[in-house]
Structure formats: structure tokens, C-alpha cells
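Here is the structure we will look at.
The values are calculated or read from the model by the stated rules, or taken from the named source; none is laboratory data. These numbers were taken from a predicted model, which means no experiment stands behind them. Note that we place each Cβ from the backbone using ideal geometry, even for glycine, and neighbour counts take in every protein chain shown. For the accessible areas, the whole protein counts, side chains as well, though only heavy atoms, and no ligand, DNA or RNA atoms are used. Shrake-Rupley method; radii C 1.70, N 1.55, O 1.52, S 1.80 Å.
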Amino acid sequence: MDDLKGRDLLSMTDLSADETLTLLQLAADLKQGNIKPICRKTLGLLFYKASTRTRVSFFVAMSQLGGQVIDLNVSAMQIGRGEPLADTARVLDRYLDVLAIRTFAHADVETYAKYARMPIINALTDLEHPCQVLADLQTVQECFGQLAGLKLAYLGDGNNMAHSLMLACATVGMDMAIACPPNFTPDPQIVERARSIASSNGTQIIVTQSPQEAVSQAQVVYTDVWASMGQEAQSDTRVPVFEPYQVNRELLTLADPNSIVLHCLPAHRGEEITDDVLEGSRSRVWDQAENRMHAQKALLVSVLGTD
Ligand code: CP
Ligand code: NVA
């Protein structure tokens, strides 16, 4: 897809509805085994936080496309000794063709994108997780054959997942209701942006304290951990606050009878989701995790171009 060649993916707002749908079609084709080679290109992975799915799926995606991957070890780089990001970005730009970064401050991926000419991919920041959401949309489309017109309910923390899902749902014409405790609502600027996109697409972004209201008639029920990476010290104090927002069998009785359950993983069984729901018939979390690889393969092909 020439439109995306050379472009960064820092936020879901970097993709229009058409670009998102084209990426999802390409991901579906690639899942069927239609390989588009991108030989002689190198992907760098620069991860300041732990990762299983994102790191491994990027590695396998690039390898299957015929490209190479360097898993950069932040602690072995000069960044830790104070080399500025702007300098690191310009140096890595001379070696690599594309760089996926997982870090804390969203401003850091923006700095890399400012100073490197190669595409920079946000592999999770405290603000957004767009790569996850591409796989989520792919999974929803596989299950329902459509995106527009569906309702996604998100329960829990108004975090990076909530932000990227909100922006994506608004873009592709899905309604989204997010239920979270009063002090854990999503970033108001992101809500405002999502609502402005949603209003031009005739969809709704609702923020509520009521998990029942959010889940009502939803086709997709989504949750994420109550304490994200970097918030581990708050885990114990967060549990009682978030308990009413647990995705469990009782709550799911309010959703659409054909609803599916998604979780970006890793999951904390007994906290944000019960074991029986995660392992139950509505759960699509393993397909969702697999789709990380297909969606990212589509993204890599699109930002790098094929040989
Ligand atoms: N969902 C997700 O991004 O998983 P990892 O943290 O394992 O990459
Ligand atoms: N909100 C979680 C997502 C993990 C994939 C975190 O940032 O830790």
C-alpha cells in the first residue's frame, strides 16, 4: 500500500478509515499465506518495557517476510549513559529501515519520529497501543464480517488500550462505551478527539462509571489489566477500586448473545477477567494474539513497500 510507505504509526489517528480497512484486508491476505517479500530490509526493536506478544510477533512477521530483525537491548546501548534520543534516532536511522519502539512517555516516540527518517512504529507507550488495536479490529472483523455498526464495551482502566480503541472505533464507525472508576477515566483530550471523529461518522463514544451500561447489547467486550506496566506499585490499592469492573459470566448476560470477549493479554485471572470467561466459548483471545503477527506483517509491508 503505497499510501503508507515511509510513514510512522505513533497513534491510531495516523490512519484514516480507508487506510485501516486496507491494512486489515492485507493482514487477512497475509494470514492466508500470500507472502509479500521485503528482503534486505532490517527492523529494529527498541523496547524499554517487557513484551512477549509484540516482540515475538514482530520478529516472526519480519522473518517470514524475508527481512531481518535486530532486538536492540536498551540496557546495552549508550542511551542508558545519557546519549540523547535525538542522536540515537539519527544514528539508528543510518542502519535500520524501520524501528518499533515500546516505551513510557509518548513524547519519546515522537522524538524518534522527528529525528529519524525511517518509519517509527509505536509498539506501546503509556498513551497508546495502536499495533494491538489493528489485531483487535482484525479479530472483530473475522468474527462478525464487519466493523461499522458494532458496539465495543471496554471495562477497566482508561489507559493506553482504552485510548487506541476509542480512536479506532470512532474511525471505523463502531460505537464504544468505556466503563471505568471515577479517578481512572481516559485522557480528556483523547476522548474529545475520538468524539469529534465519531460525530463525523455517526457513532458514539460513551464514558460511564456503570459496567452494566457499557456492556449492554455490546458485540465486543474488552478488558485489560488494572495496573499497567510502570504502575505495579499501585496494584494492591487498585484491586478494590476496579473490582466492580471485572468481566465475568454475570456481566456478560447483558451483552449481545453473540458477543465475543477480547483481552490484549497478559491477563490477571480473577482480577479484570474471570478464568471461566477467559477460557470460555466467547473468548477469542488466542486468535487475537495470533493476529498481532498478521496485522504487523501488513503494517511492515505497507510502511516499507515490497521489493
Ligand atoms: N498485548 C501485548 O502487547 O502483549 P506484550 O506486552 O506481551 O507485547
Ligand atoms: N495497558 C497494558 C497493556 C499491555 C499490553 C500496559 O500498558 O501494561
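Applying the condition of being within 16 Å of ligand 2 (Cβ to nearest atom) and β-branched (Val, Ile, Thr) to region 44-88 and asking which residue is nearest to Arg292 (Cα to Cα) yields Thr54.
Evaluated against (1) within 16 Å of ligand 2 (Cβ to nearest atom); (2) open to solvent by 10 Å² or more (accessible area, probe 1.4 Å); (3) not polar (S, T, N, Q), Asp136 falls short on exactly one condition, (2). Please work out which residue is farthest from ligand 1 (Cβ to nearest atom), limiting yourself to region 19-57 and to residues that are touching a Ser or Thr at 6+ places or on another chain (Cβ under 9 Å) and not aliphatic (A, V, I, L, M). Out of the qualifying residues, it is Pro37. Screening Gln189 on (1) under 20 Å from His129 (Cβ atoms); (2) touching a strand residue (DSSP E or B) at 6+ places or on another chain (Cβ under 7 Å) shows it passes everything except condition (2). When you scan region 220-236, do you find a residue that is under 18 Å from Ala162 (Cα atoms), buried (at least 20 other Cβ atoms within 10 Å of the Cβ) and away from ligand 2 (no atom under 16 Å from the Cβ), even just one? Yes, there is a match, as at least one residue in region 220-236 is under 18 Å from Ala162 (Cα atoms), buried (at least 20 other Cβ atoms within 10 Å of the Cβ) and away from ligand 2 (no atom under 16 Å from the Cβ).
Tell me, which residue of region 30-47 that is in contact (Cβ under 8 Å) with a residue 60 or more places away in the chain and open to solvent by 10 Å² or more (accessible area, probe 1.4 Å) is nearest to the chain's Cα centre (by Cα)? Here the answer is Phe47.
One residue alone among Asp126, Asp157 is at negative phi, within 16 Å of ligand 2 (Cβ to nearest atom), modelled with pLDDT of 95 or more and crowded, with 24+ Cβ neighbours inside 10 Å, and that residue is Asp157. If you check Ala153 against the conditions, is it within 18 Å of Leu23 (Cα to Cα) and touching a residue at least 12 places away in the same chain (Cβ under 8 Å)? Criteria not met by Ala153. Here Thr103, Thr171 are screened, and the one residue that is over 18 Å from Val303 (Cα atoms), β-branched (Val, Ile, Thr) and away from ligand 1 (no atom under 16 Å from the Cβ) is Thr171. Might you let me know whether region 236-252 holds any residue that is part of a helix (DSSP H, G or I), among the hydroxyl-bearing types (Ser, Thr, Tyr) and farther than 23 Å from Gln132 by Cα? Yes - at least one qualifying residue is present in region 236-252.
Can you say whether Met161 is in contact with an Asp or Glu (Cβ under 7 Å, 6 or more places away or on another chain) and closer than 23 Å to Arg292 by Cβ, as far as the supplied structure shows? Yes: the conditions hold for Met161.
Residues in region 262-280 that are open to solvent by less than 70 Å² (accessible area, probe 1.4 Å) and away from ligand 2 (no atom under 16 Å from the Cβ): 5 in all.
If you filter region 60-73 down to residues that are within 16 Å of ligand 1 (Cβ to nearest atom) and surrounded by fewer than 16 Cβ atoms within 10 Å (Cβ to Cβ), you find that the one that is farthest from Asn122 (Cα to Cα) is Val60. Does Asp287 satisfy being in contact (Cβ under 8 Å) with a residue 40 or more places away in the chain, of a type in the set (Asp, Glu), more than 16 Å from Ile178 (Cα to Cα) and surrounded by fewer than 19 Cβ atoms within 10 Å (Cβ to Cβ)? In short, yes.
Within this structure, Val215 passes the test of being among the β-branched types (Val, Ile, Thr) and touching a residue at least 60 places away in the same chain (Cβ under 8 Å).
Screening region 147-227 for strands (runs of 3 or more DSSP E) wholly inside it with 2 or more residues that are closer than 20 Å to Ala105 by Cβ returns no ranges. Of all the criteria given as (1) buried (at least 20 other Cβ atoms within 10 Å of the Cβ); (2) within 16 Å of ligand 2 (Cβ to nearest atom); (3) not in a loop (DSSP other than H, G, I, E, B), the one not satisfied by Leu99 is (2). Scanning region 116-146 for residues that are within 16 Å of ligand 1 (Cβ to nearest atom) and assigned to a strand (DSSP E or B) returns Ile121, Asn122.
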